[in-house]
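Contents: one structure, followed by commentary.
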Amino acid sequence: MAPQRNSGADPEAELPEYAGQYRLDERLGSGGMGVVHLARSGSGLRLAVKVVHAAFAMDPEFRGRFRQEIAAARRVSGAFTAPVVDADPEAERPWMATLFIPGPTLAEQVKRNGPMPASQLRRLMAGLAEALRDIHRVGVVHRDLKPSNVLLAEDGPKVIDFGISRPSDSELRTETGKLIGTPPFMAPEQFRRPREVGPAADIFALGSVMVHAATGRGPFDSDSPYVVAYQVVHDEPDLTDVPGNLAPLITRCLAKEPEDRPTPDELMRELRSVAASYDTQAFIPAQRTEQADAPAAPDAPAAPEAPAAPADAESPPPVRRPKGQAFRRVAVAVGALVLVAGGALAAPRLLGQDDSGAAPQDHRQRSAPAAFSGWDTKPAARASGTPQCSYGGRKLFCAQPGLVSALDPVDGKVLWRHTSTERSLPDGAPAMSGGLVHAVTHAGRLLEALDPASGKVHWKMDLTAYGRRQHVGGMVLLTRADGTVSGVDGATGENRWRRRLPKQTAPNFAAFAGDELGYATSTTDDGSRTQVTAVDPETGDVRWNTGLKGTLYPVGAWRGTVFFTSVDKYTRTVALVQYDPKSKTSHRVGLEVALPQAQATVRGSTVYMMSTLGALVAVDMDARKQRWRLETAVSQGSAPAADATHVYFTAADGRLLAVDAVRGKLVGQTRTRLATESDRVPAVLQTPMIADGHVYSSAPDGTVFGVAGDDPAAW
């Protein structure tokens with residue numbers, strides 16, 4: 001269905017021309033809550049903008065619900081959803097902008113091309129199970145999973161429209177007696193006890209969606225929503241024409257009692273054994289062959305693909321007459337359904353804990369073509385959060401609450417553990433300095449210097465008087481609140497020098513591998529200018545000092561020059577700056593699209609930036625132009641790391657992902673490693689570590705792992 005402009009005499013005919021700063025172009029769809037438009041940002045980025053109906057904009061309860069939709073959409077993983085770019089629930093007409101994802105909805109696909117073949121059904125079911133696992137792990141229950149809320153993107157299905165989901169720490173509650181969802185895809189408990197709906201309701205909906213994909217109808221169909229409600233609660237599903245190898249699994253999804261349904265993890269494990277020909281990684285670009293750089297999606301229609309975007313409208317499903325007994329007892333369902341307003345209401349909720357089940361702990365990486373064999377291990381028997389690790393002296397050093405450990409990078413063997421009663425999260429990864437391992441504990445108040453061979457403490461230092469610190473070579477630079485900087489010998493803990501830096505008020509230091517200097521920066525209150533001072537860490541001598549235009553953050557150094565990101569007042573990176581202290585010149589390269597809260601790394605003359613919304617961008621500062629941009633769909637990913645061939649970053653679900661550094665294409669990713677009991681996105685993600693052709697990372701389940709860097713497709 002091609003996008004259409006809004007026209008006619010209906011109440012929505014006169015829609016706003018803009019939503020915030022975004023011009024609304026083509027109308028993509030309309031539903032009970034709002035209208036979805038195709039829009040473009042000022043730089044040309046394509047967005048799907050949902051503008052609520054005027055009647056709802058006057059309702060304070062709906063505005064509260066819309067705020068919850070925005071919170072839920074931002075909270076879920078971007079790998080299987082449309083990442084939120086911007087929103088304003090307080091506008092005269094509340095709106096939300098998400099990244100536009102080309103591809104039809106499942107409802108459109110089935111209506112246009114009929115039921116899917118068995119091979120595509122298995123891929124679809126695996127993709128939806130992965131999506132629900134990621135959604136549930138951050139405490140969200142979707143509660144309105146249906147064919148029109150599933151986008152068939154090139155890299156797999158995306159679940160959209162979180163209009164009835166809310167964060168678990170929200171105070172907004174579903175109104176008593178009001179049913180939430182779309183009847184043909186609602187679970188029995190949504191009719192019987194709607195206030196107790198949990199993640200298993202989404203599994204029931206997944207089963208109904210799969211029947212629709214396989215047959216063109218639902219497992220409970222009627223021209224009456226009241227009859228549908230009765231059938232969902234009392235009757236067995238109609239699985240006629242559902243492939244025999246999927247029918248038993250779909251039947252389990254459609255169990256009347258929530259506890260009898262499988263978890264997303266169980267679904268994925270069972271799908272791997274459904275058929276020998278089933279490719280469990282079919283939706284992962286990394287597993288595709290080199291024959292097609294941009295192959296057609298498994299579910300793509302034969303006709304030219306029309307754009308689609310999140311919408312809460314749905315085509316009427318084909319009608320199946322209910323079983324005979326249904327009409328005789330339909331009054332039971334009628335009594336419940338009179339409370340449903342509009343057929344598909346919205347008022348989402350989130351979980352207090354993950355329902356997806358624990359991932360297996362004994363998985364090993366596949367052997368790489370080289371001699372190195374991938375491994376994973378848990379330094380702590382009872383893991384608590386993501387280990388924060390660094391590489392140095394041919395060892396991996398990791399910090400967790402109450403534990404600092406050393407690992408052999410060859411096989412992951414734990415070489416030693418240094419334990420304490422400390423239970424707060426580590427204040428960053430350990431660092432090698434002066435031949436010792438420096439770990440900061442007790443919420444940043446204590447610095448311990450450990451023997452890298454045994455973990456024995458050599459010296460300690462109280463950091464209470466210092467607000468900032470930076471390891472540079474064999475020195476530790478500590479900054480007091482008054483701007484005084486001290487240089488501490490990393491080997492002995494001796495204070496070697498102390499001074500105020502010229503033109504620096506509250507300096508913040510940065511340092512980079514392979515560079516001998518520390519770079520102090522401080523920015524004026526209005527953000528118009530940044531003072532940069534290069535300091536010799538051994539003596540405290542100033543090598544050079546300069547003032548540069550804008551709010552700048554140093555991100556790397558190469559051949560004597562220093563690279564900076566330039567951010568605006570909204571903390572969006574809008575440009576890159578390269579400064580040459582020898583010639584005292586700088587040049588600035590503007591970005592095609594601003595990157596919110598970007599993290600960066602430098603490899604040669606190329607700067608790689610990862611946006612919090614999932615965009616990965618490469619800019620060649622020698623050529624002074626952007627080389628490529630990849631929308632990874634990974635929200636709040638880690639800072640990137642790069643070698644000559646790949647760019648690596650980690651996701652909140654524990655995946656390590658690899659992107660071709662030349663083409664900007666995803667080429668590999670590891671499995672997820674989720675915390676068993678956590679329903680929160682990790683506060684800090686591990687930046688990948690690259691050493692000797694291998695890549696190391698850590699995950700929320702407490703695992704540290706290593707993979708061969710030369711063949712990400714084999715991960």
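Since every read-out is calculated from the coordinates, none of them should be taken as a lab result. Fair warning: this is a prediction, and the values are worked out from it, not measured in the lab. Here Cβ is always computed from backbone atoms with ideal geometry, including for glycine, and neighbour counts include all displayed protein chains.
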If the cut-off is a Cα-Cα distance under 17 Å, which lysines reach K50, setting aside same-chain residues fewer than 8 apart in sequence?
K158
Enumerate the lysines that K584 could reach by cross-link, defined here as Cα to Cα under 22 Å, with residues fewer than 8 away along the same chain left out.
K503, K549, K625
Over the range 561-715, calculate the relative contact order: mean separation of alpha carbon pairs under 8 Å at least 6 apart, over the residue count, as a percent.
13 percent
Dividing the surface of the Cα convex hull of the range 608-659 by four yields a projected area in nm² of 3.5 nm²
Taking θ as phi - 60°, what are the ³J(HN,Hα) couplings along the range 90-96 by the Karplus curve (6.51, -1.76, 1.60), each to the nearest whole Hz, with x for Gly and Pro?
9, 5, 4, 10, x, 8, 9
Relative contact order for the range 72-153, counting Cα pairs under 8 Å that sit 6 or more residues apart, in percent:
39 percent
Which whole-number value in Å³ per residue fits the convex hull of the alpha carbons of the range 436-533?
108 Å³
Using a Cα-Cα cut-off of under 24 Å, which lysines could be cross-linked to K456, ignoring same-chain neighbours fewer than 8 residues away?
K378, K395, K413
Difference of contour (0.36 nm per residue) and Cα-Cα distance, T505 to A623:
39.0 nm
Zone reached by a paramagnetic label modelled 7 Å from N545 Cα along Cα→Cβ, restricted to the range 485-515 with backbone N below 11 Å, covers 500-505
